[in-house]
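Participant: Provided herewith is a single structure, encoded as structure tokens, for subsequent inquiry.
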Amino acid sequence: MPLLEDHIAVVTGAASGIGRAIAAGYAREGAQVALVDVNAKAAEEAAQEIREAGGRAASFALDVTKREDCIAIAKRVAAQLGPVSILVNNAGINRRNPFTAEPTSVFKDWDDIIAINLNGTFNVTHAFLDALRATKGRIVNIGSIQSFMHVRTPNSPAYTTSKHGVLGFTRALAAELGKYGVRVNAIGPGLIETPLNAQVRANDPDLIKIFMDHTPLGRAGKPEDIVGPAIFLASDLSSYVTGSIVMADGGYRTI
Ligand SMILES: NC(=O)c1ccc[n+]([C@@H]2O[C@H](COP(=O)([O-])OP(=O)(O)OC[C@H]3O[C@@H](n4cnc5c(N)ncnc54)[C@H](O)[C@@H]3O)[C@@H](O)[C@H]2O)c1
């Protein structure tokens with residue numbers, strides 16, 4: 001019996017990497033999936049791939065930083081697919097630029113990363129709040145190892161701040177929305193091989209060494225490694241889990 005039958009799931013940043021894998025995994029478990037991304041063409045390709053594999057999926061173009069557009073998409077998804085019961089806030093960016101770098105770039109990185117990773121999570125969640133309350137839904141936010149610590153190397157303080165914020169937001173909403181039967185959790189991926197970090201993986205062996213020195217499982221993760229935790233947190237398998245973060249990081253924080 002599929003674990004997400006009768007669910008309608010929204011996945012942001014679903015055109016690529018982790019979000020794309022989660023969308024496909026949810027469809028395999030019987031959910032109808034709305035793939036939301038600023039990259040409309042790639043989101044439609046991902047939705048098409050799901051449909052060709054026998055799943056149910058539709059794509060929607062959205063920049064999560066635009067609050068009014070988030071509200072409009074929530075209305076369109078409700079009209080086109082029905083009441084949303086699962087929301088995955090996955091859209092995110094990173095730029096590995098230290099605080100001491102040239103100020104114009106540091107200012108831009110701060111504004112963009114906070115706007116997408118943190119404010120975007122807020123905007124989309126608020127837009128789908130009524131639907132999630134009506135369905136006693138589940139929210140899954142994508143945090144990071146950097147929800148707890150800063151990973152050394154040239155790295156953006158904005159990214160660490162945004163992912164700490166995502167975990168704080170997860171806990172705050174879990175506390176407030178529990179009485180409506182809405183569960184709110186996060187996933188903390190380690191280094192996962194996606195386009196987000198393709199350049200550093202190709203050009204920065206020191207960074208990869210830092211990750212691998214902290215990874216008992218001895219390998220980088222694949223997007224598929226995040227799918228199991230995402231299904232768990234969206235399904236009734238996690239019926240008494242809220243305000244938690246499931247780390248899928250190869251054991252990074254043990255060493
Ligand atoms: N890859 C990793 O190692 C890793 C580790 C920890 C956490 N994460 C987090 O996982 C999430 C997914 O990352 P990924 O590695 O799959 O990256 P990715 O670059 O492969 O995918 C990110 C997706 O988000 C979309 N996106 C970017 N800005 C957007 C916006 N304003 N509105 C809507 N969509 C937007 C992109 O178009 C892209 O499709 C991010 O939140 C990231 O911070 C990734």
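Participant: Which net charge results for the neighbourhood of Pro103, defined as the other residues with beta-carbon distances under 13 angstrom from its beta-carbon, given Lys and Arg at +1 and Asp and Glu at -1?
Facilitator: Net local charge, Pro103 excluded: -2.
Participant: Using just the helices of the chain, give the 222 nm mean residue ellipticity in deg cm²/dmol: DSSP H runs with n ≥ 4 each add -39,500 (n - 2.57), and the total is spread over all residues, rounded to 500.
Facilitator: The helix contribution divided over the chain gives -12500 deg cm²/dmol.
Participant: How big is the dipole moment of the chain about its Cα centre under a simple scheme where the beta carbon of each Lys and Arg is +1, that of each Asp and Glu is -1, and everything else is neutral? Debye, nearest 20, please.
Facilitator: With only Lys, Arg, Asp and Glu charged at Cβ, the dipole is about 420 debye.
Participant: Going Cα to Cα from Lys41, which aspartates and glutamates come in below 15 Å? Please leave out same-chain ones fewer than 8 positions away.
Facilitator: By straight Cα distance, Lys41 reaches Glu49, Asp63.
Participant: Of the accessible area of the chain, with the probe set at 1.4 angstrom, what percent is carbon plus sulfur?
Facilitator: Carbon and sulfur: 56 percent of the exposed surface of the chain.
Participant: Enumerate the lysines that Lys222 could reach by cross-link, defined here as Cα to Cα under 19 Å, with residues fewer than 8 away along the same chain left out.
Facilitator: Hits, sequence-local ones excluded: Lys209.
Participant: In debye to the nearest 20, how big a dipole does region 124-255 give about its Cα centre with +1 on each Lys and Arg Cβ and -1 on each Asp and Glu Cβ?
Facilitator: The calculation lands at about 300 debye.
Participant: Further question on the same structure: Could you state the accessible area per residue of the chain in Å², with a 1.4 Å probe and every protein chain left in place?
Facilitator: I get 46 Å² per residue for this part.
Participant: Continuing with this model, one more query. Between Val124, Val166, Val151, which gets the highest mean-square fluctuation from a Gaussian network model of the chain, Cα cutoff 10 Å?
Facilitator: Val151
Participant: Moving on. For a quick size check, give me the Cα extents of the chain along its three principal axes, largest first, whole Å.
Facilitator: 47, 39, 38
Participant: Here is a further query. So for each of 29-37, 241-249, 155-163 I average, over its residues, the number of other beta carbons within 10 Å; can you give me the resulting order with the highest mean first?
Facilitator: Going by the mean number of other Cβ atoms within 10 Å, highest first, we get 29-37, 155-163, 241-249.
Participant: Treating the angle as unsigned and between 0 and 90°, give the value, to the nearest 10°, between the Cα long axis of helix 40-52 and the longest Cα principal axis of the chain.
Facilitator: It works out to around 60 degrees.
Participant: Identify all lysines with a Cα-Cα distance to Lys179 below 19 Å; exclude those on the same chain that are fewer than 8 residues away in sequence.
Facilitator: Lys136
Participant: Still on this structure, I have one more. Could you work out how far helix 17-28 tilts from the main Cα principal axis of the chain, as a 0 to 90 degree angle to the nearest 10?
Facilitator: Its long axis makes an angle of about 30 degrees.
Participant: With label points built 7 Å along Cα→Cβ from the Cα atoms of Lys179 and Glu68, find their separation and express it in nm.
Facilitator: With each label placed 7 Å out from Cα toward Cβ, I get 3.4 nm.
Participant: Could you work out the local net charge near Leu3, counting Lys and Arg as +1, Asp and Glu as -1, over the other residues with Cβ closer than 14 Å to its Cβ?
Facilitator: Surrounding charge for Leu3 is -2.
Participant: Which residue, Ala220, Ala53, Ala74, has the most motion in a Gaussian network model of the chain that connects Cα atoms within less than 10 Å?
Facilitator: Ala53
Participant: When only DSSP loop residues count, what chymotrypsin sites (Phe, Trp or Tyr not before Pro) in region 214-255 have their Cβ near at most 11 other Cβ atoms within 10 Å?
Facilitator: Passing sites in region 214-255 are Tyr240.
The values are calculated or read from the model by the stated rules, or taken from the named source; none is laboratory data. Keep in mind it's a predicted model, so treat the numbers as computed, not measured. Positions of Cβ are backbone-derived with ideal geometry, glycine not excepted, and every protein chain shown enters the neighbour counts. Note: areas computed on protein heavy atoms with side chains; ligands, DNA, RNA excluded. Shrake-Rupley method; radii C 1.70, N 1.55, O 1.52, S 1.80 Å.
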